[in-house]
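Read the structure below first, then the notes.
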Amino acid sequence: MADRRPEEPEMSRAKRPRTDDPSQNPYLAHMYEAQDTSDYNGYNRSNGSGTKARTGLSDFKRHATTALQAHDAEDGPNNPFNNAPLSKQYFNILKTRRDLPVHKQRQEFLDMFHKSQILVFVGETGSGKTTQIPQFVLFDDLPHFSGKLVACTQPRRVAATSVAQRVANEMDVKLGDEVGYSIRFEDVSGPKTILKYMTDGMLLREAMHDHNLTRYSCIILDEAHERTLATDLLMGLLKEIALRRPDLKIVVMSATLDAQKFQRYFNDAPLLAVPGRTHPVEIFYTPEPERDYVEAALRTVLQIHATEPEGDILLFLTGEEEIEDACRKITLEADEMIREADAGPLKVYPLYGNLPPQQQQRIFEPAPPPTRPGGRPGRKVIVGTNVAETSLTIDGIVYVVDPGFSKQKVYNPRIRVESLLVSPISKASAQQRAGRAGRTRPGKCFRLYTEAAFKKELIEQTYPEILRSNLANTVLELKKLGVDDLVHFDLMDPPAPETLMRALEELNYLACLDDDGDLTALGKLASEFPLDPSLAVMLISSPEFYCSNEILSLTALLSVPQIFVRPASARKRADEMKALFAHPDGDHLTMLNVYHAFKGAEAQADPKRWCHEHFISLRALQSADNVRQQLKRIMEKSELDLVSTDFNDKDYYTNIRRALVAGFFMQVAKKDPSGKTYKTVKDDQSVLLHPSTVLGVDSEWVVYNEFVLTTKNYVRTVTAVRPEWLLDIAPTYYDLATFPKGEVRTALQRTLDKIKRKQAMKGGR
DNA sequence: GAGCACTGC
């Protein structure tokens, strides 16, 4: 395969496009959609046909309006929602809005909206659903007359903010007035707001304090097919709220594939489908399975460059290292092709979440021009992770190379470990990837697997997040949301009973749930924090250990991405810098040292430079600062004291280590007698300390923040603790009467005996 | 001796 000459047009023979009935090809479906030319009831009539100027929407009857009425009101001259004169820009945008596919079905939408409390809306990309449907709702639901709001949820912050801005422009209002958004750390909405875009997690938070979501007259769940944890929980809640609140309207918006599943779930709610506006994408498969998907991907990219007409390439790989490696290799090979075969210039861009935003933006740079006038056209290649599948859309992509893999979170309830695994993608994902080739013009998608594999081996949909996660946090949230009977809570995909049991058990040990499974006072408090239960419990307990200021900082640091930067080109220097902050008792204390140094005068004088010099991520620290502020406000509201032990006190660090145990007593490992490996307590998993640790090998007992499953089982971010603290701080979990027999129990028993002897001596004196 | 896809509160 490696000796294949680039100019050989093999692809047309080996990777044959599908030739079976094209109308059955789901990827070409949009070519065959019924040409809808009906402008029902003359609704699409031209502008200015003698309709009088209308102010406001005073003669609109709620849930009995027509598309025509809304159309007239939109034509101005004044803004129907605030009576201000409409701008020229407004009318320009209005014209383009009326060209969107959803516009044709406005009346159809309203008819269904009137008849049904819950409505499922399916719209492919380019249909305009995210921007238009909420506006259609506004003109009929008239939330401002009842003092309520229409909410539209998004899985991601960027989507919530950018769509809100766009819709504010479309409605000719200032962002934050009639149209606003609400995301973590930022609420741009006010008393005038009638349409609020928000993250699904944010609406879930609101539901915790208002179980009926009474502020809202209509809730639109967008991108429901993504099945985020928050969306799944919201769907379950909304199903219940709908019964308690007949006045609440619910619209669930999704991509086509699983529409019927949503319909069924919502008691056979009516469904409205709107075609998208994309170009056909031709799909090619490999005739034989590929052994090495990275190698095959590189080969395919280079072959496209050599043989296919102008157009940019998007290649999907699984992770940062793989991507950087592939970028290097493609660049090298392309340079050779340019030298030896007069190929056009090729620019390669990596794209993954960890990339600084500035570098992420570079993918939008135009493809390079020909090296000389009249030469072969240039091309850009983007090598990206799944971010390119959902979060980011890049126009101009004509070729997609899809090896069929992505890293996915998996949860093993038996050993209570979440990990990332390179796994085959789903059919839905493959379709989404292919669709990226048809945004600006007809494109091609090269799948590096056989057609038979696609049909038989790929699952239909990626498993929803709720089936792949530790549910401790979810269960706590549900309890706080007033869902007492978890087993009968109607989720679209109920998680495995074992996963639920594990979560309940974990929360019971953390004393967030009592033995009846009811929320305790501690549990209620913990649910107020946007944190995992163990972190929340550690934070809430920290005043008892005289170090809540420090644990507050540490909790924030543990909730953001890795603060230590270690570029491949300067590993040694980075390690030397990290050593400056190292605390002999562990990584938690080391992180705290970094934070304190960062907040010191020298670093604050020029934080960017200081971080760069010390191989610290400024972004991570700034975001930790943000999180810290938010957590601090919640602590103050909950009347939790902010205290510190004097830095010169010998117990300063000891107190912090003891507080760690209060939340992480279930994440403790003990060194094996062999002295090399560790065993997790209770689960008896063999683990190694992650090589990034500052901890020496002489620590008998450690708490760890996370499990990392790669080639070996590692525990990362570890700090030394003493066994007597475990017995003292978490007596229920470390109850030796019920503790599994083994080395760990024997060691704990010895510790207990020692404590008893000491006490006896004291008492005997 | 180094393995964090992505999102969210």
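The values are calculated or read from the model by the stated rules, or taken from the named source; none is laboratory data. As the structure is a prediction and not an experimental result, all values here were calculated from the model. Note that each Cβ is placed from the backbone with ideal geometry, even for glycine, and that neighbours are counted across all protein chains shown. Heavy atoms of the whole protein, side chains included, go into the accessibility calculation; ligands, DNA and RNA do not. Shrake-Rupley method; radii C 1.70, N 1.55, O 1.52, S 1.80 Å.
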Apply the a/c threshold of 1.5 to the C-alpha gyration tensor of segment A:101-147 and tell me whether it is rounded, prolate or oblate.
prolate
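By per-residue mean of other Cβ atoms within 10 Å, what is the highest-first order of A:241-247, A:687-693?
Numbers: A:241-247: 13.3, A:687-693: 17.9.
Going by the mean number of other Cβ atoms within 10 Å, highest first, we get A:687-693, A:241-247.
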Put A:405, A:545, A:316 in order of accessible area, largest first, 1.4 Å probe: what do you get?
A:405, A:545, A:316
Take every DSSP beta bridge whose two residues both sit in chain A, then give the antiparallel share in percent to the nearest 5.
40 percent
Descending accessible area (1.4 Å probe), largest on the left, turns A:68, A:726 into A:68, A:726
222 nm [θ] for chain A, helices only, -39500 (n - 2.57) per DSSP H run of 4+, per residue, to 500?
-12000 deg cm²/dmol
How far is helix A:548-558 tilted, in degrees, relative to the longest principal axis of the Cα atoms in chain A, given as a value from 0 to 90 rounded to the nearest 10?
50 degrees
Once ligands and nucleic acids are excluded and a 1.4 Å probe is used, how much of residue A:253 is accessible, expressed in Å² to the nearest 10?
0 Å²
Cα centroid separation - segment A:691-765 against segment A:283-327, whole Å:
49 Å
Can you tell me the orientation of helix A:200-209 relative to chain A, as the angle in degrees between its alpha-carbon axis and the longest Cα principal axis, to the nearest 10?
60 degrees
Whole-Hz Karplus couplings 3J(HN,Hα) for segment A:592-602, θ = phi - 60° and coefficients 6.51, -1.76, 1.60, Gly and Pro as x, run 5, 4, 4, 4, 5, 5, 4, 7, x, 4, 5
Tell me the relative contact order for segment A:114-211 as a rounded percent, counting alpha carbon contacts under 8 Å between residues six or more apart.
25 percent
From the square roots a ≥ b ≥ c of the eigenvalues of the alpha-carbon gyration tensor of segment A:72-170, which class results: rounded (a/c under 1.5), prolate (a/b over b/c), or oblate?
rounded
With an 8 Å Cα cut-off and a minimum separation of 6 or more residues, compute the relative contact order for segment A:533-656 in percent.
40 percent
So what is the relative contact order of chain A, in percent, for Cα pairs below 8 Å that sit 6 or more residues apart?
9 percent
Under 24 Å between alpha carbons, and skipping anything fewer than 8 positions from residue A:380 in its own chain: which lysines qualify?
A:15, A:329, A:347, A:444
Express in whole angstrom the spacing between the alpha-carbon centres of segment A:519-594 and segment A:173-219.
31 Å
Going residue by residue through segment A:524-535, the Karplus relation 6.51 cos²θ - 1.76 cosθ + 1.60 with θ = phi - 60° gives ³J(HN,Hα) values, rounded to whole Hz and with x marking Gly or Pro, of 4, 5, 4, 6, 6, 8, x, 9, 5, x, 5, 5
Would you mind pulling out the separation of the Cα centroids of segment A:348-395 and segment A:484-499, in Å?
43 Å
Please report, in whole Å, how far the alpha carbons of segment A:281-465 spread along each principal axis, starting with the longest.
63, 38, 29
Answer rounded, prolate or oblate for segment A:495-576, using the Cα gyration tensor with square roots of eigenvalues a ≥ b ≥ c: rounded when a/c is under 1.5, else prolate when a/b is larger than b/c, else oblate.
oblate
Across chain A, what fraction of all alpha-carbon pairs, as a whole percent, falls in each successive 10 Å bin from zero upward?
2, 12, 19, 22, 21, 15, 7, 2, 1, 0, 0
Given backbone amide H placed at 1.01 Å from N, residues whose amide H is under 5 Å from that of residue A:417, ignoring those fewer than 5 places away on the same chain, are A:412
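Roughly how many percent of the accessible protein surface of chain A is carbon and sulfur, given a 1.4 Å probe and a whole-percent answer?
51 percent
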Measure nothing fancy, just the Cα-based angle from helix A:618-637's long axis to the longest principal axis of chain A, in degrees from 0 to 90, nearest 10.
80 degrees
Here segment A:380-391 yields Karplus 3J(HN,Hα) values (6.51, -1.76, 1.60; θ = phi - 60°; whole Hz; Gly and Pro given as x) of 10, 10, 10, 10, x, 8, 5, 3, 6, 8, 10, 6
So how much accessible area does residue A:152 have, in Å² to the nearest 10, using a 1.4 Å probe?
0 Å²
Largest-first ranking of A:678, A:653 by accessible area, probe 1.4 Å, whole protein assembly kept, is A:653, A:678
Hey, what's chain A come to in accessible area per residue, 1.4 Å probe, Å²?
46 Å²
Of the DSSP beta bridges with both residues in segment A:302-460, give the percent that are antiparallel, rounding to the nearest 5.
30 percent
